[in-house]
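The values are calculated or read from the model by the stated rules, or taken from the named source; none is laboratory data. Treat the numbers as computed from the prediction; the structure is a model and nothing was measured. Cβ atoms come from the backbone with ideal geometry, glycine included; neighbour counts cover every protein chain shown. For the accessible areas, the whole protein counts, side chains as well, though only heavy atoms, and no ligand, DNA or RNA atoms are used. Shrake-Rupley method; radii C 1.70, N 1.55, O 1.52, S 1.80 Å.
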Amino acid sequence: MARWLITGCSTGIGREIARAALEAGHSVVVTARRVESVADFTDEFGDRAVTVALDVTDKEQIAAAVRTATDAFGGIDVLVNNAGNGYLAAIEEGEDDQVRKLFDVNYFGVVDMIKATLPGMRARGAGHIVNISSMTGLVANPPNGYYSSTKFALEALTEALAQEVKPFGIKVTAIEPGAFRTDWAARSMWESATPISDYDDTVGSRKTMIKEFANHLPGDPRKAADAVLMVTGLDDPPLRLLLGRDVLKAVRDKLAAFSASIDEWASVTKDVEFPRG
Ligand code: NAP
């Protein structure tokens, strides 16, 4: 049985991953900004569930959470970086403080969690870091330009990190959910307070569409959690795992268009070198 630490367990995908891991018999440090939102886990699972208050933008809380995991279970085998926020804005509408806040949670929060956890994993020569990315980590569309930017950054981090820590026996996986029915649109996503009317018919109409679609999203967060459990049980897990027909289609379409564009422009691409010889 493994020892897990999961961020953002108050609701949604993080909560379901915590439940799935505990039901499978693992021990879990269940973290949330409002620790009372996860109190029910200790009622149900006893000592195998340790709850900790954790805002991933607070380095002291991160250090304390990792210490708690070490004191309670002896270490962390599986770190799930799930906590995240969304932000709907055309690029021109983006407010500096909001964009930075988004990166602080979705990117720098993950960086700090990983830095705090890796020393223990390196010492033990084992571990699995799971980063909950997004379809938007691979395909960018308005009004998710900034949100996508945080998740693209997370994808790059994941890809490089996986190569860096493989020699230590540590695995790294990014999970790319499509549209899942969680509290996301209701609570975790906000939008620019300074919309520009010239974008009303383009970016603005997509904001409306996203908000209207929010209650009909096809993805079941429990099934996402089961997929995460499955991946962490593999000797050779994938670097990326797409979850949902929507993300499968979007990524395949992007790869096909990208590949065609690369081929179309290959002669220009190659013709930039000094003459050989
Ligand atoms: P959710 O139910 O709204 O959960 C978001 C979680 O993140 C909440 O527990 C929230 O805690 C937590 N959180 C936000 N800021 C935090 C911070 N500074 N420190 C610690 N925790 C923080 O939405 P969800 O869909 O499950 O989202 C989970 C992850 O899935 C996110 O990374 C998101 O980008 C990703 N994702 C979701 C979808 C989707 O369609 N739902 C698709 C692709 C990717 P509070 O209760 O304190 O706010």
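One table, with the values for the structure above:
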quantity: Label-to-label distance, nm, for residues given as residue 234 and residue 37 (7 Å Cα→Cβ offset); calculated: 3.0 nm
quantity: Exceeding the 29 Å Cα-Cα cut-off - candidates 59/207; 171/249; 59/211; 59/166; 223/249; calculated: 59/207; 59/211
quantity: Cβ-defined net charge surrounding residue 110, 12 Å radius [Lys, Arg +1; Asp, Glu -1]; calculated: -1
quantity: Using distinct alpha-carbon pairs, which all enter the 1/r mean, Kirkwood radius of the chain in Å; calculated: 19.8 Å
quantity: FRET efficiency, 1/(1 + (r/R0)^6) with R0 25 Å, evaluated for residue 95 and residue 198 via beta carbons; calculated: 0.90
quantity: The chain, helix-only ellipticity at 222 nm - DSSP H runs n ≥ 4, -39,500 (n - 2.57), divided by all residues, nearest 500; calculated: -14000 deg cm²/dmol
quantity: Solvent-accessible area, 1.4 Å probe, carbon plus sulfur percent, for the chain; calculated: 54 percent
quantity: For the chain, built as a Gaussian network whose Cα springs stay under 10 Å, the top-fluctuating residue of 123, 69, 90; calculated: 123
quantity: Solvent-accessible area per residue for the stretch 162-277 (1.4 angstrom probe, square angstrom); calculated: 69 Å²
quantity: Top of 253, 263, 55 by mean-square fluctuation, Gaussian network on the chain, Cα under 10 Å; calculated: 263
quantity: Of 31, 197, 126, farthest towards positive along the dipole that unit charges on Lys, Arg, Asp, Glu beta carbons give the stretch 3-245; calculated: 126
quantity: Selected from 180, 103, 258 as most flexible by GNM, with the chain as the system and alpha-carbon contacts under 10 Å; calculated: 258
quantity: Cα-centre dipole for the chain with unit charges at Cβ (Lys and Arg positive, Asp and Glu negative), debye to 20; calculated: 720 debye
quantity: Alpha-carbon centroids, the stretch 29-43 and the stretch 1-24: separation in whole Å; calculated: 10 Å
quantity: Approximate spin-label separation residue 261-residue 163, in nm, with each point projected 7 Å along Cα-to-Cβ; calculated: 2.3 nm
quantity: Calculated SAXS-style log₁₀ I(q)/I(0) at q = 0.12, 0.13, 0.21 Å⁻¹ - the stretch 1-135, Debye, Cα scatterers; calculated: -0.45, -0.52, -1.23
quantity: Relative contact order, percent, the stretch 3-245 [alpha-carbon distance under 8 Å, six or more residues apart]; calculated: 21 percent
quantity: For residue 180, distant residues with modelled amide H under 5 Å away; calculated: 219
